[in-house]
1. How would you classify region 35-84 from its alpha-carbon gyration tensor, with a ≥ b ≥ c the square roots of the eigenvalues: rounded for a/c under 1.5, else prolate if a/b is greater than b/c, otherwise oblate?
2. By average Cβ neighbour count within 10 Å, what is the ranking of 40-48, 207-215, 238-246 from highest down?
3. Sort the following peptides by mean Cβ neighbour count (other Cβ atoms within 10 Å, averaged over residues), highest first: 120-133, 193-206.
4. Of THR122, ILE170, THR97, whose Cα points farthest to the positive end of the dipole of region 96-170 (charges on the beta-carbon: +1 Lys, Arg; -1 Asp, Glu; origin at the Cα centre)?
5. Using a cut-off of under 15 Å, list every residue of region 142-167 whose amide N is near the label point 7 Å from the Cα of ALA214 along the Cα-to-beta-carbon line.
6. Cross-link list LYS26/LYS230; LYS61/LYS230; LYS61/LYS235: which exceed 29 angstrom alpha carbon to alpha carbon?
7. Given 0.36 nm per residue, what is the gain on full extension from LEU175 to LEU30 after removing their alpha carbon distance, in nm?
8. Expressed in nm to one decimal, what extension gain is obtained for the pair THR239 and ARG137 from 0.36 nm per residue of sequence separation less their Cα-Cα distance?
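No lab work stands behind these numbers, since they all come straight from the coordinates. This one's a predicted model, so the numbers in the text were calculated from it and none came from an experiment. Note that each Cβ is placed from the backbone with ideal geometry, even for glycine, and that neighbours are counted across all protein chains shown.
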Amino acid sequence: MFLSNINLGQYVPTGSIIHKLDPRAKLFSLLFIISAVFPAKNFFQLTFWAIALAAVVYASKISWGVLLRSARPIFFLVAFTFGFNLLSAYFTGDVSTSLFRAVFTSLRLVVLMLFAIMLPLTTAPLELADGLNTLLRPLERFGFPANECAMMIGMALRFIPLLMQETDKIIRAQLSRGARLDQGNLFRRVMAFFPVLIPLFIIIFRRADEIATAMEARGYDGGAGRTRRKPLVWKFNDTAAVIISVLAAGSYFVF
């Protein structure tokens, strides 16, 4: 019930070789990996990417417990995907094919999401925002607000753990008042969470207003002309990581 043990989007510094990579290299690598995992069609390809995921987790020095706790919110999506694919057996009559598709699609989604979660776990929010800002900067000539977009993503990643803590406090307060959030059928549980969602939205809007006021008071103008305390430097390891990701993604067309 409580969310205090969920560290969704929370940066875990370990000083590993993965953490030291340039955020742009991580974003490029994640893009190539997603492009190869998503269209995977057999268990051989999926096993290959599961082994690659295990290698990345080992190199990052992040425990599987931390990774799985971060991925806990996506388990509902995986369960829904499994049930939806299994439900198709009722209409098609082909149970074996539907079961295979349900299992394979769910496992593919798990591998895909775990790769995606490794990005915020191994990259500080400010570094990730700087990397996104650099990659999106060419779109500014077409009117795309690259600085604002990168800033919003970075701030969202920073405040996800805080919002989880606020949600946990609200749930504990409601339970102390006698609320039954984990009893009854699905409809009653959903309705019982309205006393949690309403104060949570109030806190979110209040925090957003406070941040906007603080940024205006400090003269924030969207990032134009701003400098970085730690400029991003592309190194040999970054090139090697991107090349390895490209070669691994290219293996999809071989096998």
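1. Numbers: a/c = 2.77, a/b = 1.10, b/c = 2.51.
Note, shape of region 35-84 comes out oblate.
2. Details: 40-48: 14.4, 207-215: 11.4, 238-246: 16.0.
By packing density, highest mean first, the sequence is 238-246, 40-48, 207-215.
3. Working: 120-133: 21.6, 193-206: 12.9.
Listed from highest to lowest mean packing, they are 120-133, 193-206.
4. The listed residue farthest towards the positive side: THR97.
5. From region 142-167, the list is 152, 154-163.
6. Details: LYS26/LYS230 17 Å; LYS61/LYS230 24 Å; LYS61/LYS235 21 Å.
None, as every Cα separation is 29 Å or less.
7. Numbers: separation 145, 0.36 × 145 = 52.20 nm, distance 4.04 nm.
Contour length minus Cα-Cα distance gives 48.2 nm.
8. Values: separation 102, 0.36 × 102 = 36.72 nm, distance 2.04 nm.
Between THR239 and ARG137, full extension yields 34.7 nm more.
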